[in-house]
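Encoded as structure tokens, the structure appears first; notes follow it.
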Amino acid sequence: MCAGRWSDHELAPFRETYRSRARAEHSRLSVRRTRTLALAKEAARILRARYGAGRVMLVGSLAGPEDLFTQWSDVDLLAWGVPACDTFRAVAELAYMDPELPVELICAETCAPDVLDRLLEQAVEL
């Protein structure tokens, strides 16, 4: 067996194991993505209600195609209208919303123009 090529019959159990693991991983990622999107929407609500954000957009892997989202993906929010004096308080509140899912805040007013342009290319309104 080691000296030659493996037959389809010999490889079948390995292929099935791979497919089974891939299905399980896809299912786990789908559940995590749904949970992460719900967290993003709640964070946007908080930014509007408590910190006066006028506009909040989702950026990063959660805003892109589903295949960009991984087990390490977080929530990246781009917001307009959060007063500078409230930024750190808002960041702290968002950071503690879920211990397993980090939420990052990018304030549009202080973002470099070229970076803001890149973020807006793939941003999704929340």
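The values are calculated or read from the model by the stated rules, or taken from the named source; none is laboratory data. Just so we're clear, the structure is a prediction, and the values are computed from it rather than from any experiment. Using ideal geometry, Cβ is built from the backbone for each residue, glycine included, and neighbour counts are taken over all protein chains shown.
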- Limited to the stretch 11-30, what total is found for residues that are surrounded by 10 or more Cβ atoms within 10 Å (Cβ to Cβ) and either over 25 Å from residue 74 (Cβ atoms) or of a type in the set (Val, Ile, Thr) (or both)? 9
- Scan the stretch 42-77 for residues that are in a helix (DSSP H, G or I), over 16 Å from residue 90 (Cβ atoms) and either of a type in the set (S, T, N, Q) or touching a residue at least 12 places away in the same chain (Cβ under 8 Å) (or both) and report the count. 1
- Item | All positions within the stretch 87-107 that are surrounded by fewer than 16 Cβ atoms within 10 Å (Cβ to Cβ), assigned to a helix (DSSP H, G or I) and out of contact with any strand residue (DSSP E or B) (no Cβ under 8 Å at 6 or more places or on another chain) | 88, 89, 92
- Note on the structure: Picking from 53, 63, the residue that is touching a Gly at 6+ places or on another chain (Cβ under 9 Å), hydrophobic (A, V, I, L, M, F, W, C) and at pLDDT 90 or above would be 53
- Are there any pairs with C-beta distances below 9 angstrom linking a residue in the stretch 4-20 that is without any contact (Cβ under 8 Å) to a residue 60 or more places away in the chain to a residue that is exposed (fewer than 10 other Cβ atoms within 10 Å of the Cβ) and not aliphatic (A, V, I, L, M), with the two at least 6 apart or on different chains, and if so which? 15/8
